[in-house]
Amino acid sequence: MSKCPCGSKQNLESCCAPILAGKSAESAEQLMRARYTAFATGNVDFIIDSHHPSGRDELNREDISNWSKNSKWLGLEIKKAEDTRVDRAKVEFVCQYEDQDGVQNHHELSEFRQKENKWYFYDGKVVGEVHKRDEPKVGRNDPCPCGSGKKFKKCCGK
């Protein structure tokens, strides 16, 4: 028996496999874990089927398949899972994967909704880190900080 890719420390057969096979997830977090496992195992049908029906037309099967199959999935960390209403929940997670550009961290706050007592992924927003500048922003018409005497837009800002 193999460990489940979702990071639950359970074996796949007792964790995500039943959900991937059609059993309804009992919570948004459980569906999130199953969706990660689907990405890790290349189960594109599950990824699409677990997306809320109202947004499925916007999905690109080829893009999902390429991301899933051309990445090495390294782990999932659930940061927070909370029910916001009886039929809605949010799950904040970070997943790590490796692609042709190296190791990537994907930090997302996902919204899940129930329809006919079944959980679906509804929408996700990437959680970005706030970067604070050490120096003031250089405007395009300001003198270039390299000391050339030219405007920034005509020098290093090209």
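The values are calculated or read from the model by the stated rules, or taken from the named source; none is laboratory data. Keep in mind it's a predicted model, so treat the numbers as computed, not measured. Positions of Cβ are generated from backbone atoms using ideal geometry, with glycine treated the same way; all protein chains shown enter the neighbour counts. What goes into the accessible areas is simple: the full protein's heavy atoms, side chains included, and nothing from ligands, DNA or RNA. Shrake-Rupley method; radii C 1.70, N 1.55, O 1.52, S 1.80 Å.
Take THR84 and tell me if it is open to solvent by less than 80 Å² (accessible area, probe 1.4 Å), in a strand (DSSP E or B), within 24 Å of GLY128 (Cα to Cα) and free of Cβ contacts under 8 Å to residues at least 60 places away in the same chain. Yes; evaluated as a whole, the condition is true for this residue. Could you say whether any residue in the range 57-75 is open to solvent by less than 30 Å² (accessible area, probe 1.4 Å), small (Gly, Ala, Ser), part of a loop (DSSP other than H, G, I, E, B) and within 19 Å of SER110 (Cα to Cα)? Scanning the range 57-75 turns up no residue that is open to solvent by less than 30 Å² (accessible area, probe 1.4 Å), small (Gly, Ala, Ser), part of a loop (DSSP other than H, G, I, E, B) and within 19 Å of SER110 (Cα to Cα).
Every residue, every condition in (1) at pLDDT 95 or above; (2) over 15 Å from the mean Cα position of the chain (by Cα), yes or no:
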{"residue": "LYS9", "(1), (2)": "no, yes"}
{"residue": "CYS16", "(1), (2)": "yes, yes"}
{"residue": "ILE19", "(1), (2)": "yes, yes"}
{"residue": "ALA34", "(1), (2)": "yes, no"}
{"residue": "PHE46", "(1), (2)": "yes, yes"}
{"residue": "ASP57", "(1), (2)": "no, yes"}
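Just one of the numbered conditions (1) modelled with pLDDT of 95 or more; (2) within 16 Å of the chain's Cα centre (by Cα) is not true of LYS23: (2). PHE121 passes every criterion in (1) open to solvent by less than 40 Å² (accessible area, probe 1.4 Å); (2) more than 21 Å from ARG33 (Cα to Cα); (3) of a type outside the set (D, E, K, R) apart from (2). Got at least one residue in the range 59-68 being within 23 Å of LYS9 (Cα to Cα) and aromatic (Phe, Trp, Tyr)? No, because not a single residue in the range 59-68 is within 23 Å of LYS9 (Cα to Cα) and aromatic (Phe, Trp, Tyr). If the condition is being in contact (Cβ under 8 Å) with a residue 40 or more places away in the chain and small (Gly, Ala, Ser), then the range 1-53 contributes GLY7, SER24, ALA25, SER27, ALA28, SER50.
If you check GLY128 against the conditions, is it assigned to a loop (DSSP other than H, G, I, E, B) and either open to solvent by 50 Å² or more (accessible area, probe 1.4 Å) or farther than 25 Å from GLN10 by Cβ (or both)? Yes, satisfied. Would you check which residues across the range 87-117 are open to solvent by 60 Å² or more (accessible area, probe 1.4 Å), under 19 Å from GLY75 (Cβ atoms), more than 11 Å from the chain's Cα centre (by Cα) and free of Cβ contacts under 8 Å to residues at least 24 places away in the same chain and list them? Within the range 87-117, ASP101 is the sole residue that qualifies.
Considering only residues in the range 137-158 that are part of a loop (DSSP other than H, G, I, E, B) and surrounded by 14 or more Cβ atoms within 10 Å (Cβ to Cβ), the one that is modelled with the highest pLDDT turns out to be CYS155.
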